[in-house]
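The values are calculated or read from the model by the stated rules, or taken from the named source; none is laboratory data. Everything quoted here is computed from the prediction, not taken from an experiment. Neighbour counts run over all protein chains shown; Cβ positions are idealised from the backbone, glycine included. SASA here: full protein model, heavy atoms, side chains in, ligands and nucleic acids out. Shrake-Rupley method; radii C 1.70, N 1.55, O 1.52, S 1.80 Å.
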Amino acid sequence: MSSAVVAPSSVAPVAPMAWGLLAQAKRGLAAAEWEAASVDRFTAAYSSARRAAAAVVAAAGRPHRGRARPTSVWLLLPTVAPELAEWAAFFAAHSTRHAAAQAGIGDKISARAADDLLRQSWQFLDLAERAISAPHARRTA
């Protein structure tokens, strides 16, 4: 897969931040494939999926909320892309495990769990890119 994400030229513009986040997610997943340690592969895959979700939210032009409390991208995603709600729930269910893995605590991450999350993150990235490119996601931030 190419690490560059190019905005389609025949459609209305999407916030540049969205394309940048999507490109970061793609580079992160490509790098995750080379991680030898399953915990590193798992955390890189999760972080990349989170960037892809943030790209979809950015493409929708979510307004600045001032001093509002930070909200998980997995909670915001279904509000701007209902078709990705199941994916948001899936990744949200992995949030605690991701945080524990990053902190070096909790259960060990098996190679299979890391590989499964990496594969699912690639699938999600493809869907996120489609959501950003879709005609209904045409507001800019």
Within the stretch 12-46, track down each residue that is under 19 Å from Ala131 (Cβ atoms) and polar (S, T, N, Q).
Gln24
Regarding the stretch 20-41, can at least one residue be identified that is at pLDDT below 90 and either under 22 Å from Ala114 (Cα atoms) or among the polar types (S, T, N, Q) (or both)?
no
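What are the residues in the stretch 77-95 that are assigned to a helix (DSSP H, G or I) and under 17 Å from Ala45 (Cα atoms), if any? Please lay out each step first, then the result.
From the stretch 77-95, those assigned to a helix (DSSP H, G or I) are 77-80, 82-93, 95; that's our starting set.
Hits for the stretch 77-95 are Trp87, Ala88, Ala89, Phe90, Phe91, Ala92, Ala93, Ser95.
Can you tell me which of Arg65, Arg69, Arg50 is on the phi < 0 side of the Ramachandran plot, among the basic types (Lys, Arg), open to solvent by 40 Å² or more (accessible area, probe 1.4 Å) and at pLDDT 95 or above?
Values: Arg65 fails: at pLDDT 95 or above; Arg69 fails: at pLDDT 95 or above.
Going through Arg65, Arg69, Arg50 in turn, just one is on the phi < 0 side of the Ramachandran plot, among the basic types (Lys, Arg), open to solvent by 40 Å² or more (accessible area, probe 1.4 Å) and at pLDDT 95 or above: Arg50.
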Are there any pairs with C-beta distances below 7 angstrom linking a residue in the stretch 42-58 that is closer than 13 Å to Ser95 by Cβ and in contact (Cβ under 8 Å) with a residue 24 or more places away in the chain to a residue that is assigned to a helix (DSSP H, G or I) and β-branched (Val, Ile, Thr), with the two at least 6 apart or on different chains, and if so which?
Arg50/Val73; Ala53/Val73
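For the stretch 33-51, which residues satisfy the criterion of being farther than 17 Å from Gly104 by Cβ and of a type in the set (Lys, Arg)?
Step one: list which residues in the stretch 33-51 are farther than 17 Å from Gly104 by Cβ, which gives 33-34, 45, 48-51.
Arg50, Arg51, listed by residue number.
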Which ones in the stretch 101-118 are in a helix (DSSP H, G or I), free of Cβ contacts under 8 Å to residues at least 12 places away in the same chain and surrounded by 13 or more Cβ atoms within 10 Å (Cβ to Cβ)?
Asp116
Just checking, does the stretch 77-92 include any residue being more than 13 Å from the chain's Cα centre (by Cα), open to solvent by 20 Å² or more (accessible area, probe 1.4 Å) and modelled with pLDDT under 90?
no
